[in-house]
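Here's the structure, in structure tokens; my notes come after.
Read the figures in this text as sums done on the coordinates, not as results from a lab. Note that the coordinates shown come from a computational prediction; the quantities given were computed from them, not determined experimentally. Cβ coordinates were reconstructed from backbone atoms using ideal geometry, including for glycine residues, and neighbour counts include every protein chain displayed.
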Amino acid sequence: MKFFVDTADTTEIRKALAWGILDGVTTNPSLVAKTGRRFEDVRAEILAMVSGPVSLEVTDMTLEGMLKQGRDLAALGPQVVVKLPLTREGIAACKALTDEGIRTNVTLCFSANQALLAAKAGATYISPFVGRLDDISMDGMRLIEDIVQIYKNYSFKTQVLVASVRHPVHILQAAKMGAHVCTVPFKVLDQLFNHPLTDMGNEQFLKDWAKVPG
Ligand code: E4P
């Protein structure tokens, strides 16, 4: 399973890259706003650092606007994946950009039927938001199970990119279900390393090592 970091904070991206386990980055308008920086500056810095897929989202909701923004974003670098909302216009833009050879990530997916639309439009990635479904007392991971099954049934090439991840158990479940990618907030990626037995064991090894005659 691939790991993307879900952030526009370049300090976080740099730290995750240094671990050597990062495959890509996803951003969205809210994450960019959180940085307090211009989108042009943030994306240029991310693209200079990351060689894997970098999702950059369109903000024009018309088909024409999405196509223009999508083409402009794609021209910024080979890593760019154009992120499009799961609307009628977003799906039409996905089909058109896919036909032009531009990679797409269809975002704000909350149902398996929506995921079916994205796959039929040739999306490179579908982003089902598991945490936001959990927030309204629905089972976000059940949606992942359904989409993985449906995509397998029809051999769709669209990759399931688990989004709105809130904790390490989401990642564990996604991996067991065979999702292709998880996009994870930096804090949750960091949590994956933690185990008290690792810390205790390491501490003991170092204590014992100090007793070894030099
Ligand atoms: C996906 O690409 C989105 O950026 C993200 O995962 C949304 O997560 P949130 O529900 O924590 O905002």
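Output the Kirkwood hydrodynamic radius of the range 54-142, Cα pairs only, in Å rounded to one decimal.
13.0 Å is the Kirkwood radius here.
Have a look at Pro128, Pro168, Pro196 and tell me which one the Gaussian network model of the chain (Cα, springs below 10 Å) gives the largest fluctuation.
Between Pro128, Pro168, Pro196, it is Pro196 that shows the largest mean-square fluctuation.
If amide H atoms are built 1.01 Å from N in the plane of the peptide, which residues on other chains or at least 5 residues away come under 5 Å of the amide H of Thr26?
Val5, Asp6, Thr7, Ser55
If you wrap a convex hull around the alpha carbons of the chain, what volume per residue comes out, as a whole number of Å³?
Values: hull volume 32.3 nm³, N = 214.
Cα-based convex hull of the chain, divided per residue, equals 151 Å³.
Just the number, please: Stokes-Einstein D of the range 109-189 in µm²/s, Kirkwood Rh from C-alpha pairs, 20 °C, 1.002 mPa s.
173
How high is the relative contact order of the range 60-162, in percent, counting Cα pairs under 8 Å that sit 6 or more residues apart?
Averaging sequence separation for qualifying contacts and normalising by length gives 21 percent for the range 60-162.
Work out the charge dipole of the range 2-210 with +1 on the Cβ of Lys and Arg and -1 on the Cβ of Asp and Glu about the Cα centre, then indicate which of Gly52, Thr7, Ala75 is farthest towards its positive end.
So the residue we want is Ala75.
Of Lys176/Lys207; Lys83/Lys120; Lys83/Lys152, which pairs sit farther than 26 Å apart, going by alpha carbon to alpha carbon?
Lys176/Lys207
What's the exposure ranking of Lys34, Lys157, going from fewest to most Cβ atoms within 10 Å?
So the ranking, lowest neighbour count to highest, is Lys157, Lys34.
What number, in percent, do you get for the relative contact order of the chain if the mean sequence gap of Cα pairs under 8 Å and at least 6 apart is divided by its residue count? Before the final figure, lay out each step's value.
Working: 367 pairs, mean separation 36.7, N = 214.
Averaging sequence separation for qualifying contacts and normalising by length gives 17 percent for the chain.
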